[in-house]
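Heads up, the thing below is written out as structure tokens.
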There are 2 protein chains.
Amino acid sequence: MDSLTIAEQLTVHGIKPSYPRIQIYKYLYTKKNHPTVDDIYNDLIEEIPTLSKTTVYNTLNLFIEAKLVKSFNLDKNEKRYEIIIHDHSHFQCERCNKIYDIPCDDINLLPKEYEGFKVNEKQIFLKGICEECLK
Amino acid sequence: MDSLTIAEQLTVHGIKPSYPRIQIYKYLYTKKNHPTVDDIYNDLIEEIPTLSKTTVYNTLNLFIEAKLVKSFNLDKNEKRYEIIIHDHSHFQCERCNKIYDIPCDDINLLPKEYEGFKVNEKQIFLKGICEECLK
DNA sequence: ATCATATATGTAATGATTACATTTAGGGAA
DNA sequence: TTCCCTAAATGTAATCATTACATATATGAT
């Protein structure tokens, strides 16, 4: 997806496509690495020397409002962000810390006693050792 | 579980049963409300006027080391703590914010492409509207 | 009772996040 | 173009959870 289509994508969701906004969206879209605000800021500051962390926060919160992006917490008190694509779980390796996206079938996680509950969102976070590190 | 058995429980896990430690453990054990550090501190300060928040943090981290307690994050950057009993999910109601423990059968969440991964821990966090609030 | 060590406490530092006020940029109207 | 209005971006300072570290207190053995 090039900058033009990203701009369209943002516009469709009622967001004016400024340069920082496009770059942040593109970063999330192309990197797919569940970055923290720090990750995004440190990587984009070269491309956008005037970027501020506040802008990164504001932009991400704007994207979340627009349901383009979602945030989640792993263990640490530090939010991670990703483009909303399809439902999946996160697996974090305890050795290399890499985060894997795990496809997640549409399992019903509510036993029948809880069928009166309405689930709007589910987050599944797995920890363990990944295949690479087990070798 | 009275204070005596809590003291034994702690001793078995190599933790000297001081008064604050017993009270904090009892709090987690009897309340079962996924408290934050602030919750614990504010509720116990009446019983233990000399309690400090640092002690609450230290004690909880000690319990986690000993695998008596685990912590988890919901949406906010604020840890919640609970006694480790059996695997279960958390459901937080978006309206009343109450957190429900949802029994969670031992579902395998890894598709077969990921069967080389070793899962040590899983956390499932559901958001939605609870039955009470739907009425 | 004394001393060594474990436990608890207080203060200050850190790091993520937000609040708020200021500056900058972009899009119309004259 | 120039002026003006509003949206966007920025910087600074505040807030909140958590940890680091140094000090004080309590406990248990000798």
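What follows draws every value from the coordinates through simple rules; no lab data is involved. Quick caveat: nothing in here was measured; it's all calculated off a predicted structure. Positions of Cβ are generated from backbone atoms using ideal geometry, with glycine treated the same way; all protein chains shown enter the neighbour counts.
Over the residues of the protein assembly as shown, the helix contribution to mean residue ellipticity at 222 nm works out to -10500 deg cm²/dmol, using -39500 (n - 2.57) for each DSSP H run of at least 4.
Across all directions, the average flat footprint of the convex hull enclosing the Cα atoms of region A:88-134 is 4.1 nm². Applying the criteria of a DSSP loop state and at most 15 other Cβ atoms within 10 Å to the GluC sites (Glu not before Pro) of region A:52-88 yields A:E78. In this assembly of identical copies, the label point of A:K26 (Cα plus 7 Å along Cα-to-Cβ) is separated from its counterparts by 6.2 nm, sorted shortest first. Taken one residue at a time, the phi angles of region A:118-135 give Karplus couplings (6.51, -1.76, 1.60, θ = phi - 60°) of 9, 8, 9, 8, 9, 10, 10, 10, 10, 10, x, 10, 7, 4, 4, 6, 6, 5 Hz. Gly and Pro are set to x. Computed from the alpha carbon atoms alone, the convex hull of chain B holds 151 Å³ per residue.
Peptide A:74-81 is shielded by partner chain Cβ atoms: per residue, an average of 3 of them sit within 10 Å of its Cβ.
Summing Lys and Arg as +1 and Asp and Glu as -1 over all other residues whose Cβ lies under 9 Å from the Cβ of A:P35 gives a net charge of -2. Straight-line reach from A:K127: taking Cα to Cα under 16 Å and skipping same-chain neighbours fewer than 8 places apart, the aspartates and glutamates in range are A:D75, A:E94, A:D101, B:D87, B:D106, B:E115, B:E121. Overall shape of region B:3-83 was characterised from the C-alpha gyration tensor. The equivalent ellipsoid obtained from it has semi-axes of 19, 15, 11 Å, in decreasing order.
Inter-chain Cβ neighbour count for A:53-59, averaged per residue, equals 0 (cutoff 10 Å, partner chain atoms only).
Rounded to the nearest 20, the size of the Cβ-charge dipole of the protein assembly as shown about its Cα centre is 380 debye, with Lys and Arg at +1 and Asp and Glu at -1. With the charge dipole of the protein assembly as shown set up from +1 on Lys and Arg Cβ and -1 on Asp and Glu Cβ about the Cα centre, the Cα lying farthest toward the positive end among the listed residues A:N58, A:H34, B:I99 is that of A:N58. Other residues whose C-beta falls under 14 angstrom from the C-beta of A:I45 contribute a net charge of -4, scoring Lys and Arg +1 and Asp and Glu -1.
The charge dipole of region B:88-134, taken about its Cα centre with unit charges on the Cβ atoms of Lys, Arg (+1), Asp and Glu (-1) only, comes to about 160 debye. Extent along the principal axes, Cα only, for the protein assembly as shown: 68, 52, 42 Å, with the longest axis given first. Applying the Karplus relation 6.51 cos²θ - 1.76 cosθ + 1.60 with θ = phi - 60° to region A:89-102 yields 3J(HN,Hα) values of 9, 10, 10, 10, 6, 6, 8, 9, 6, 5, 9, 9, 8, 10 Hz, where x marks Gly and Pro. Mean partner shielding of peptide B:90-99, defined as the number of other chain Cβ atoms within 10 Å of each residue Cβ, is 1.
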